[in-house]
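What follows is a set of notes on a single structure, which appears directly below.
The values are calculated or read from the model by the stated rules, or taken from the named source; none is laboratory data. The shown structure was predicted, so the numbers you read here are calculated from the model rather than taken from an experiment. Cβ coordinates were reconstructed from backbone atoms using ideal geometry, including for glycine residues, and neighbour counts include every protein chain displayed. All accessible areas refer to the heavy atoms of the entire protein, side chains included, with ligands and DNA or RNA removed. Shrake-Rupley method; radii C 1.70, N 1.55, O 1.52, S 1.80 Å.
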Amino acid sequence: VLIVEDEPNIRFYESELAEGAGFLTLTAGNADEALAELEGPVAIDILLTDVSLPGALDGIALANLVRERWPAIRIVIASSHVDSCEGDGAEQIVYLQKPFTARAFIAALGSVV
């Protein structure tokens, strides 16, 4: 799982939850770091991204780019405004409402495996 979250404490928490559920994780603080990981040597099966990210690409733009370049990667988008970020191609993406419980977080990741 590649976790893309700009808040370090949240990124650490999400990584701990995912690893506790048996997932291997990589983390990134923005879309540029995420793209570097995606282009790296480790195969990534799941992208979990926050909608609000610093830099040129937000989470939605990152998810769209990933769908184009790496169509086999499953995508989970976390947002406090889930209904406002669903759009074109939403059926291929799992949305996780923030704030979330540990159970909801693990369920979202499990739903794309």
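Data table
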item	result
Matching option when the condition is among the aliphatic types (A, V, I, L, M) and surrounded by fewer than 17 Cβ atoms within 10 Å (Cβ to Cβ), among A31, A36	A36
Residue check for T101: surrounded by fewer than 11 Cβ atoms within 10 Å (Cβ to Cβ) and polar (S, T, N, Q)	yes
Elements of type helices (runs of 4 or more DSSP H) in the stretch 1-88, at least 2 residues being among the basic types (K, R)	59-69
Residue match in the stretch 18-28 (condition: in contact (Cβ under 8 Å) with a residue 12 or more places away in the chain, among the hydrophobic types (A, V, I, L, M, F, W, C), open to solvent by less than 80 Å² (accessible area, probe 1.4 Å) and closer than 16 Å to A63 by Cβ)	yes
